[in-house]
Amino acid sequence: MKYEFNDDRKFDVIAIGRACIDLNAAEYNRPMEDTMTFKKYVGGSPINIAIGSSKLGLKVGFIGKISDDQHGRYIERYVREVGVDTSNIVIDDEGHKTGLTFTEIKSPEDCSILMYREEVADLYLKPEEVHEDYIKQAKVLLVSGTALSKSPSREAILKAVSLAKRNNVKVIFELDYRPYSWKSTEETAVYYSLIAEQSDIVIGTRDEYDMMEHTTGGTNEQTIHYLFQHSPNLVVIKHGVEGSYAYAKSGEIFKGNAYKTKVLKTFGAGDSYASAFLYALISGKDIETALKYGSASASIVVSKHSSSDAMPTVDEIEELISMRV
């Protein structure tokens, strides 16, 4: 089964939301308290997905707000140099700063992140800074959940989704749940459900769907029963090392196995999965193949130090898939 997109659009994907700085521990197997050196990368789920999609050859744009300082300039330059259109990245003029994410690598199984997200520029993207003329040029609008956590970014996302629906742009919602960004789980569930119900494709982990549905121990069957009463016609649910499932509204179920690798850290897998899954769908591959691309891409990124820099090429993904046939 293949997924259909509009072919007469300038951009394959326009992503909207968070763009920040990752400071990944350069010293492994120790807690952050004892880590003295970090390496800087561009970070944030939607910007990582934009970077990953561009490296795979898609035409990609980005909507977001960055700080008017060295960190903001670094982000804009990096994404522009990897081929992402930055014409709709807004420079903050109110003194807000770039979000910082410190990562801790105690072991391949024990990694954590510490985010500095107070008064960050990306959450001050305003509705009036989201433009219909830009969004209507895309096949896909990629929305990430963290951008819904505060106003005015929340309203900017709601406007972007509305404009996408008006212009027959597919809305893909990557749940991207970060608990420290939200006031309460009830608030998260309200806004996640609101966007998920309007989306064409929803992608997330089993735990993230539980958060959206404000439940514990939820099942895939419960999730698709709920979402298929609304706009989504494809729901992707990831189960970590157990692989992932894609459910089509028409009734088909597809299973994607995880690819074993030598894991360095656990973060970055979701963004790389989404970018490769999208690439495969937009390139005309069937859903089962898209699951393979997503899983292979995630496997490659968790074996490397960064998230954005480590986003693989098509050749790297296909080589891994061919080795595991």
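The values are calculated or read from the model by the stated rules, or taken from the named source; none is laboratory data. Note that the coordinates shown come from a computational prediction; the quantities given were computed from them, not determined experimentally. Neighbour counts run over all protein chains shown; Cβ positions are idealised from the backbone, glycine included. Ligands, DNA and RNA are stripped out before the accessible areas are found, and what is left, the full protein with its side chains, is counted by its heavy atoms. Shrake-Rupley method; radii C 1.70, N 1.55, O 1.52, S 1.80 Å.
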Report task. Would you please give the residues with an amide H less than 5 Å from that of Leu56, counting only those at least 5 places away or on a separate chain, with H modeled from the backbone geometry? Result -> none
Report task. Would you kindly derive the ³J(HN,Hα) couplings of the range 162-176 from the backbone phi angles with the Karplus curve 6.51 cos²θ - 1.76 cosθ + 1.60 (θ = phi - 60°), listing them in order in whole Hz, with x for Gly and Pro? Result -> 4, 5, 5, 4, 5, 10, 6, 9, 5, 9, 10, 10, 9, 4, 6
Query - Using θ = phi - 60° and Karplus 6.51 cos²θ - 1.76 cosθ + 1.60, couplings along the range 109-123 (whole Hz; Gly, Pro as x) - result: 9, 10, 10, 8, 10, 10, 9, 9, 10, 7, 6, 7, 4, 5, 7
Query raised in the report: How much mean residue ellipticity at 222 nm does the chain get from its helices, if each DSSP H run of length 4 or more adds -39500 (n - 2.57) and you divide by all residues, to the nearest 500 deg cm²/dmol?
Result: -10000 deg cm²/dmol
Query raised in the report: Which trypsin sites (Lys or Arg not before Pro) from the range 171-241 combine a DSSP loop assignment with at most 12 other Cβ atoms within 10 Å?
Result: Lys183
Query raised in the report: Residue by residue through the range 179-185, which ³J(HN,Hα) values in whole Hz follow from phi under the Karplus form 6.51 cos²θ - 1.76 cosθ + 1.60 (θ = phi - 60°), with glycine and proline marked x?
Result: x, 6, 8, 10, 6, 7, 5
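Treat every Asp and Glu Cβ in the chain as -1 and every Lys and Arg Cβ as +1, leave all other atoms uncharged, and give the resulting dipole magnitude about the Cα centre to the nearest 20 debye.
Numbers: 38 positive and 48 negative charges, 103 e Å.
That gives the chain a dipole magnitude of about 500 debye.
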**Report entry** Restraint check, Lys97/Lys292; Lys59/Lys183; Lys55/Lys249; Lys159/Lys183; Lys65/Lys159; Lys139/Lys159, Cα-Cα greater than 26 Å
**Finding:** Lys97/Lys292; Lys59/Lys183; Lys55/Lys249
Query raised in the report: What is the diffusion coefficient of the range 1-105 in µm²/s, taking the Kirkwood radius over Cα pairs and the Stokes-Einstein relation at 10 °C with a viscosity of 1.306 mPa s?
Result: 106
Report task. May I ask you to give the solvent-accessible area per residue for the chain, in square angstrom, as obtained with a 1.4 angstrom probe? Result -> 41
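For the chain, with all protein chains present and a 1.4 Å probe, just round the carbon and sulfur fraction of the accessible area to a whole percent.
49
Provide the three semi-axes, in whole Å and in decreasing order, of the ellipsoid equivalent to the range 200-325 as defined by the square roots of 5 times the Cα gyration tensor eigenvalues. All intermediate terms of the calculation are to be shown ahead of the outcome.
On the way: eigenvalues 123, 55, 28 Å².
Those come to 25, 17, 12 Å.
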Query raised in the report: Of the listed peptides 105-111, 207-213, 120-126, 143-149, what is their order by residue-averaged count of other C-beta atoms within 10 Å, with the highest listed first?
Result: 143-149, 120-126, 207-213, 105-111
**Report entry** GluC sites (Glu not before Pro) restricted to DSSP loop in the range 1-35 with at most 16 other C-beta within 10 Å
**Finding:** Glu4, Glu27
